[in-house]
Structures are given as structure tokens and as C-alpha cells.
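So the structure is just underneath, and the comments pick up after that.
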Amino acid sequence: MPHDLTRRRWMLASACAAAGAGCSRRPLPGREPRVSVRKASYGSGLLETVREVLEEHKVPLKDRHVVLKPNLVEYDESTAVNTSPQLVLAALEACRGLGAASVRIAEGPGHRRPAWDLAEAAGYFGAIGGFEDLFVDLNLDEISNVTLAKSAPGVSSLYLPHTILRCDLVISLPKMKTHHWVGATLGMKNLFGIVPGQVYGWPKNILHWAGIHESILAVNSAVPAMFTLVDGIEGMEGNGPIQGRRKHAGVIVAGADRVAVDATACRVMGIDPGRIRYLRMAETAGQTEEGNVRQIGEEPRAVRTDFELIPEFRRLRLSPA
Amino acid sequence: MTYAGPVTAETLLAAQNPDGGWSFARGTSATEPTACAVLALAAAGASGEPVQRGRGWLLRIQRPDGGWPPRPSIAQSNYVTSLALLALQGNAASDVLRRGAEWLLNQSNRDASTIYRIRMMLLGTRRDLPSEEAWSWFPSTAAWVTPTALAMLALRPWRDSPLREPVRKRLASGEAYLWSRLCRDGGWNHGSSKALGYEADSYPETTGQALLALSGTRDERLPRALAAAERHLRACRSAEAASWLQLGLLAHRQPLPSVPVHLSRPRTVLDQALSLIAARAAAGQNPLLEAAHAA
């Protein structure tokens, strides 16, 4: 039964997507990666929705040390740059309710140094009780050097934060946004935030010089156990990931196969995932093709909300349904 | 008025690790908070044994290439070299300081290289490339505002040294780089005032840093930059950013706006040290500029 994943199989599915481990280019029948698309709002039902999603994917949480990795970039109240604190709160409470041994919230913003102040301005302190004791600034965390399972040109190892290296599971909580260099930024690109600024700077420019697409794969290869929960309730269109406009899509997109989740989120945004280079490079089981992903909940085409694309990326537009 | 929070020298002294260094918040010692704590404590008059142990920690971790790593366990010098030099100016052997200064002089931003610029032109890439030599966070990457501002502060004492020729050239180039990165609102962000042709706005902390590094310079754009800094400070909620803005404005002898602000609590050693440094600057002694003139 594909729904009856064991913990071992769950970890394998997540790790294969992380490392590009040479799996077949098509999933075996009944073994398609599963991605949930659920209609959602930042209202009171969000906790229940997140909890249901975690349960339907049998995310191994009991007695596990979990890190929630939102996307905190800058603060601009006129748009939707950062992962909503309401979604982070829902994930926190859901993980606790499902028996996690500990849950931390951790991020290393790429442009602005004062991460705590950024979190405060973005409403995290107000929304999440005890936030100060839960938050880790990954830019300033204790670090160790890690040889990457998948290297990028000139980058075969990275210093990475202990908070990430020593946890059992990372839950990537990206904002659904367009991105002016790679087309779309979702769960995989969100992991740029684990690379410590204290070594590489603000921005973590070594990743750009190594090639952004290649670096996305390299950083992901250092995080084998990851679940992705995309904040697509309100995203950003146009000149993302910072200067775009708020875009309501009204969904969360989630799953253990990070490539399949990002590909599905692209379809919701009206972006062809097969034209996003890092997704094509990362796919291990044809996840950029819709037929190779088993959708749970809403069909992506039913909730598709085309995000405006800057002229340089209009070629990424998904064909009309 | 001063915007410094309730931070005192004792706050920093209590946070010193047994090895003489400081961590960012808790844990092992790191170069950046140690250098800033030493600068802050020395400026506050606490020049005794804790400051000496802090300097000793910095001296022990200088790398053979002359630069400083962000932590002792990291086999790579980076931007923190500028802060270590500032903290040690006038209080370390001349050879130690000279090797550090030479490391900074040997660092150049990859995006200003002729080969790279030709390559980007041939590829038709629309990038806002600098032509000026400046400084990167990490070797062999692009130039950015913060590491450039810090390197300029660290190299200023060397303007009249045997290294004066390359130092003066790099300071002039750094200054030109900073002005080339000015945002449409008159301030500075991390160093990308345009991305794919889209104009970007400035950040408070980098605006303060750039103004501090441009202390003593003249430019027709300066009044607009000072106005941007003042605007940022009036709206600022970040203790770290407010400290840099104060330092930048005071470096140009500007009065600080006397508006009530609701600043965040200085949470890290870095925030606390910067608050103390800014408080000293408001009292008439800017430790970052005076450290820069001490050699």
C-alpha cells in the first residue's frame, strides 16, 4: 500500500530526492511520490490542516528533534516576503501534538544581518509564544565542515550549523514565490538559509558563484531528512523573492519528496516545473511530470493561480490547463 | 540622545568565555563578537585584564596567511579580518598588524575582474557589475557593502605607512564602489542597488556602515545619504541597525534625531558591543574611527 509508508521508506524517499541517488527516471507503479495540496487560510483551521497533512504523510515526529525552517528575508508590510508566522505556529503546535521531542525554529537570512529583529518585525514574536527561546539564528550558530554528497563547481564541502546537522528532521517552510534568478523559490531553495553568514557572508555569495542551480542541489544533499510545507496561502509574484507583489493562492503544498513538492507548487503558480533547471537536475523519478506525482487533496490545476512572471521568465509559463 | 539599550561594560564582561573570547550569544568564542567586545570595552575604559585576554584570543587565531578566520576551527580567513585588525590596532606587534593589512590588500572582488566582465558582456547577462576594486565577505566572490566598509575602516591607519600607495589606491576604489552602490532612496543595502534592472531600496544597518566608512570624504551625494540615514533611524526598530546608523551619522558630525524609538533588545554580544560603541560615539568618542587612527 503506497499510503502505508514505513519510517524507513519515508526516510528513503526523502533522502533519494536530496541526493539524486540514481533512482529510476520513472517511479514504480504505486510508488509515486505523494504531494498534498490543501486549501487553507491563516485562520483558526490552519493547525488542523497542517496536522492532517503531517499525519497523512506519516511524518516521523514522535520523540524526534525537529527544526522548522521558515523563509525570513526582509520585512515589508506591503507585500508577502516571509513565511507567515501563523503557518510556523501551526507547524510548531502540530509537531508538538504529534509527539516531537523538541521543536526549534531556525533561519539564517541571506541579506539582512539582524535576524531576531527581522523575525520581530515579521510578527513572529507576537504570534509564537516563547519565540525567543525557540529561535536559532543559523548565520551565527556553532558550525562544522561537511563534505557534500553532491558538490557544486568549486564547492565540495560547506560549514553548516549544528542545529541543522544534529536534528532528526528539517521541515522546510518556504513562501511560495517567484525568483528573479531561478524562476521559483520553494522548499529546496529555502535551504540556502542554512548556510552560515558568519563564514560566507550576507548574501551567501559563494553559492551564486558555484551556480545557483547546482548549489541548490549541493545544499539539499546535506539535509537528507526533510519534509516540505509550502506557504502558498499568500505568496509573491513578479520580481520575487523580495520586490514582488502579494499574491493570494490559498493553498499549502506538502510532502516528503522535495522535488515533487516544489514541482507541484510550480504547477499551482502556473509555472512549468520542467523548465526550472534545478528541478530538472534534481528529479530522480520524473517528478517534474504531473503524471509521476500522486496528488492528495486538490488537483493542482483546480487551484492553479498564475503568478505574474517578469519578462525574463515568461518562457516558464505552464500551458493552459 | 543615545539609543543604546541598557547595556553596560559589565554586560559584556559577564559574557566573556574562559578562553578570553566571546561567542555571538552562547557557546564557543568567535572572532566577530570578540573583536567588537574588545573595541567596546576598550572604548568604555575597561582596558584591564579582560580586554587583554580578548586581544590575546584574537592574536592566537591569526592564520598563517595573515587573515583571521571567523572561528578558530575554520581553515579560512574572511571579512572578520577587518574587525580583528581594528580591535588590535595599537595593541599588537607591528608584524601581526602588517600581515593582516596585507591580507586585506590582497583581497579583490571577483566581479570586478576584466575577464569576468568580458565574459558577462559576451553572455549578454544583465548584471549590475562594479568596475571598482572592493571587498567580499569570502575570498574570490563579489564585493558587498559591509565587508568593503569594514576593510576601509581597518586600512585607514595605513594611509601614511610604508603600505600607503596600495592602501590609498584601495581606499579610493572602495569609496568609489560604495558610491556606485547607492540606492534610489539615498542609502545603501547589502550591495545590490539594481537586480535585473529593478531598483532596490536601502537597509538601515548598511547605510550606517557605508557612511561610517565614508567619514572625512566629500561628495555631492552625501547630504542625500545622510538624510536617508536619519530617516532610517527615526523608523528603526533594530538595535544593531540603530547602532550603525548612529555611528554613521556621528562620523559626519550630524545631530541624532531626537524622536522616541522602540528598539529591540540587544540580544547578541555583537548587538551589545555595537550599542556600547555607539554610546561612546554619541559621547564624542567614535571607537571605530579612533581605532582606525591609532596605528
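The values are calculated or read from the model by the stated rules, or taken from the named source; none is laboratory data. Note that this is a predicted model, so its numbers are computed, not measured. With ideal geometry, Cβ positions are generated from the backbone for all residues, glycine too; neighbour counts draw on all protein chains shown.
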List, please: which pairs have Cβ atoms under 6 Å, are six or more places apart or on different chains, and start with a residue in the stretch B:203-224 that is more than 14 Å from every other protein chain (Cβ to nearest Cβ) and of a type in the set (K, R) and end with one that is surrounded by 14 or more Cβ atoms within 10 Å (Cβ to Cβ) and outside any helix (DSSP H, G or I)? B:R224/B:G186
Those strands (runs of 3 or more DSSP E) lying entirely in the stretch A:115-192 with at least 1 residues within 12 Å of chain B (Cβ to nearest Cβ) and in contact with a helix residue (DSSP H, G or I) (Cβ under 8 Å, 6 or more places away or on another chain): A:135-137, A:143-152, A:155-161, A:175-179
Consider only pairs whose beta carbons are under 8 Å apart and that are at least six residues apart or on different chains; among these, list those whose first residue lies in the stretch A:254-269 and is assigned to a helix (DSSP H, G or I) and whose second residue is acidic (D, E). A:V259/A:E283; A:A263/A:E283; A:C266/A:D272; A:R267/A:E290
Please verify whether A:W209 is in contact with a helix residue (DSSP H, G or I) (Cβ under 8 Å, 6 or more places away or on another chain), closer than 18 Å to A:A282 by Cα and modelled with pLDDT under 95, treating the condition exactly as stated. no
Confirm whether B:W179 is out of contact with any Asp or Glu (no Cβ under 7 Å at 6 or more places or on another chain), crowded, with 16+ Cβ neighbours inside 10 Å and either modelled with pLDDT of 95 or more or in a helix (DSSP H, G or I) (or both). no
Residue hits (the stretch B:76-94; at pLDDT below 95 and over 16 Å from the mean Cα position of the chain (by Cα)) are B:G90, B:N91, B:A92, B:A93, B:S94
Among residues belonging to the stretch B:257-281 that are touching a residue at least 60 places away in the same chain (Cβ under 8 Å), more than 10 Å from chain A (Cβ to nearest Cβ) and surrounded by fewer than 19 Cβ atoms within 10 Å (Cβ to Cβ), point out the one that is nearest to B:P33 (Cα to Cα). B:V261
Residues of the stretch B:27-50 classified as in a loop (DSSP other than H, G, I, E, B) and in contact (Cβ under 8 Å) with a residue 60 or more places away in the chain, total: 1
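Yes/no matrix, rows are residues, columns are (1) within 14 Å of chain B (Cβ to nearest Cβ); (2) surrounded by fewer than 18 Cβ atoms within 10 Å (Cβ to Cβ); (3) at negative phi; (4) of a type in the set (S, T, Y):
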residue	(1), (2), (3), (4)
A:A260	no, no, yes, no
A:G270	no, no, no, no
A:R275	no, yes, yes, no
A:Y278	no, no, yes, yes
A:A282	no, no, yes, no
A:G286	no, no, no, no
A:G297	no, no, no, no
A:R301	no, yes, yes, no
A:I310	yes, no, yes, no
Residue list for the stretch A:107-127, restricted to those being touching a residue at least 40 places away in the same chain (Cβ under 8 Å) and touching a strand residue (DSSP E or B) at 6+ places or on another chain (Cβ under 7 Å): A:E107, A:G108, A:A115, A:A119
Restricting the first residue to the stretch B:141-155 and requiring it to be without any contact (Cβ under 8 Å) to a residue 60 or more places away in the chain, which pairs with a second residue that is of a type in the set (S, T, N, Q) and in a loop (DSSP other than H, G, I, E, B) meet a Cβ separation below 8 Å and a spacing of at least six or different chains? B:T141/B:N109; B:A142/B:N109; B:A142/B:S136; B:A143/B:N109; B:A143/B:S136; B:W144/B:S136
When both residues are 6+ apart or on different chains and their Cβ atoms are under 8 Å apart, which pairs have a first residue that lies in the stretch A:220-233 and is among the acidic types (D, E), and a second that is in a loop (DSSP other than H, G, I, E, B) and surrounded by fewer than 23 Cβ atoms within 10 Å (Cβ to Cβ)? A:D231/A:S84
Residues that are crowded, with 24+ Cβ neighbours inside 10 Å and of a type in the set (S, T, Y), drawn from the stretch B:197-245: B:S202, B:Y203, B:T206, B:T207, B:S238, B:S243
Hey, any hits in the stretch B:54-62 for a residue that's touching a helix residue (DSSP H, G or I) at 6+ places or on another chain (Cβ under 8 Å), among the charged types (D, E, K, R) and within 14 Å of another protein chain (Cβ to nearest Cβ)? no
Considering residues of the stretch B:239-295 that are at negative phi and of a type in the set (K, R) only, the residue modelled with the highest pLDDT: B:R280
Of the listed residues (A:R277, A:R258), the one being of a type outside the set (S, T, N, Q), touching a Phe, Trp or Tyr at 6+ places or on another chain (Cβ under 9 Å), at pLDDT 95 or above and closer than 13 Å to A:K189 by Cα is A:R258
Please tell me if A:A265 is closer than 26 Å to A:P60 by Cβ and either in contact with a helix residue (DSSP H, G or I) (Cβ under 9 Å, 6 or more places away or on another chain) or surrounded by fewer than 23 Cβ atoms within 10 Å (Cβ to Cβ) (or both). yes
Residue in the stretch A:232-252 that is outside any loop (DSSP other than H, G, I, E, B), at pLDDT 95 or above, under 21 Å from A:V53 (Cβ atoms) and touching a Phe, Trp or Tyr at 6+ places or on another chain (Cβ under 7 Å) present: yes
Unique residue being within 14 Å of chain A (Cβ to nearest Cβ), of a type outside the set (V, I, T), touching a Lys or Arg at 6+ places or on another chain (Cβ under 9 Å) and closer than 19 Å to A:A210 by Cα when the list is B:A151, B:A134, B:A112, B:A142: B:A142
Kindly list, by first and then second residue, each pair from a residue in the stretch B:5-25 that is within 14 Å of another protein chain (Cβ to nearest Cβ) to a residue that is surrounded by fewer than 19 Cβ atoms within 10 Å (Cβ to Cβ) and assigned to a helix (DSSP H, G or I), limited to pairs with Cβ atoms under 7 Å and residues at least 6 apart or on different chains. none
Looking only at the stretch A:299-321, how many residues end up being acidic (D, E) and either outside any loop (DSSP other than H, G, I, E, B) or more than 21 Å from A:R246 (Cβ to Cβ) (or both)? 2
What residue, among those in the stretch B:11-26 that are at pLDDT below 95 and part of a loop (DSSP other than H, G, I, E, B), is farthest from B:T146 (Cα to Cα)? B:R26
Suppose the filter is surrounded by 24 or more Cβ atoms within 10 Å (Cβ to Cβ), modelled with pLDDT of 95 or more, within 14 Å of chain B (Cβ to nearest Cβ) and under 17 Å from the mean Cα position of the chain (by Cα); does A:V195 pass it? yes
